[in-house]
1. Among the lysines, which have Cα under 26 Å from the Cα of residue 201 when same-chain residues fewer than 8 positions away are ignored?
2. Using only Cα atoms and rounding to the nearest 10 degrees, what angle (0 to 90) does helix 9-22 make with the longest principal axis of the chain?
3. How much of the accessible area of region 145-300, in percent, comes from carbon and sulfur atoms when a 1.4 Å probe is used?
4. Report P(r) for the chain: all Cα-Cα distances, bin width 10 Å, range 0 to the bin holding the largest distance, values in whole percent.
5. Treating only the Cβ of Lys, Arg, Asp and Glu as charged (+1, +1, -1, -1), what charge dipole size does the chain show about its Cα centre? Round to the nearest 20 debye.
6. In region 211-256, which GluC sites (Glu not before Pro) are in a loop and have at most 13 other Cβ atoms within 10 Å, using DSSP for the loop call?
7. So what is the 222 nm mean residue ellipticity for the chain from helices alone, if each DSSP H run of at least 4 adds -39500 (n - 2.57) and you divide by all residues, rounding to the nearest 500 deg cm²/dmol?
8. With +1 on each Lys and Arg Cβ and -1 on each Asp and Glu Cβ, and nothing else charged, work out how big the dipole of region 166-212 is about its Cα centre, in Debye to the nearest 20.
Amino acid sequence: MRELTDTNSAGIAAALVQARTSAGSPAMGMVMTLVVVVDEDHAAQAMECAREASHEHPARVLGVILGDGRGHGRVDAQVGTGAGWSGETALIRLHGEVVKHPESVVLPLLLPDSPVAVWWPVDAPRDPAADPIGGLAQRRITDAAGATTARTRAIHHQAAAYAPGNTDLAWTRLTPWRALLAAALDQHPSKVGAASVTAEKVSPSADLLVAWLGACLRVEVTRHTSTGPGLTEVTLTTPEGEVSVARPDGLLARFRIPGQPDRPVALKRRTVPELLAEELRRLDEDDTYAAVARHLTKDS
């Protein structure tokens, strides 16, 4: 990694070109720009997650750390390529006045004619689409589970501020659960009279699942608390009996349908890089998440 002190966007761009040329790859094979907005304490872990996700989605990855907004503006950066990265990477630290206008540094570094995704691993803005960096992106990825303050309301804030292109990893974590529940109702088509979701006390994914079930099934969905980890059980009540998916250990679930023997189903909790890679596969609006966000906001 090349260290740049008191630099600017032109200096970072030149260093990226030099790093790519030194690595023997003068042509760019990247398909997008991924901007990671994170604090200093979580920067190393977030960039490692982005590195793993970039194996599936070759990208120019820009880590942006917003420092103290007081004093003289300064931009420092670490720039490089290789070392497990599928493309170029830059970790950019902003200080002073430039913190108030981070888009002025990020915009010149975006790949031309390529989509842009922004990811906030920890504390996302209340309105990602109105954020200076978020406004540059077609895809804005938050993670309510990573909030360090107001954790119980974080997903509700994101739902209330929903705009096309927004998503949250709390929703991505539900993909295998939603697939299992949909398959269960396909195998056992019956009217659902009630539903329940059991999870940790603070679980953005559980809140979204309650909203999704309520919107799709138009029934009352009750929320119960467990010791976790994460989501532990979903039960759908039908006239013939209960349809349920129970995962007490975060690894293996028991899949139950009336009239059939219980079946074990692999339902391991996925890592953040896996979740991030899934979200980067699509850059259009997620209509289902949009509907669930509206339902969650309405019920808040």
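1. In chain and number order, the partners are 268, 298.
2. Once rounded, the angle reads 90 degrees.
3. Whole-percent figure for carbon plus sulfur exposure: 53.
4. Pair shares across the bins are 6, 26, 30, 20, 12, 5, 1, 0.
5. 460 debye
6. On the way: sites: 220, 233, 240, 242; in loops: 220, 240.
Here the GluC sites (Glu not before Pro) that fit, given the DSSP loop and packing criteria, are 220, 240.
7. Details: 9 runs with 89 residues, N = 300.
Taking each H run of at least 4 residues, the total per residue is -8500 deg cm²/dmol.
8. Working: 4 positive and 4 negative charges, 17 e Å.
Result for region 166-212 is approximately 80 debye, rounded to the nearest 20.
The values are calculated or read from the model by the stated rules, or taken from the named source; none is laboratory data. Not measured: the values here are computed from a predicted model. Neighbour counts run over all protein chains shown; Cβ positions are idealised from the backbone, glycine included. Only protein heavy atoms, including side chains, enter the accessible area calculation; ligands, DNA and RNA are left aside. Shrake-Rupley method; radii C 1.70, N 1.55, O 1.52, S 1.80 Å.
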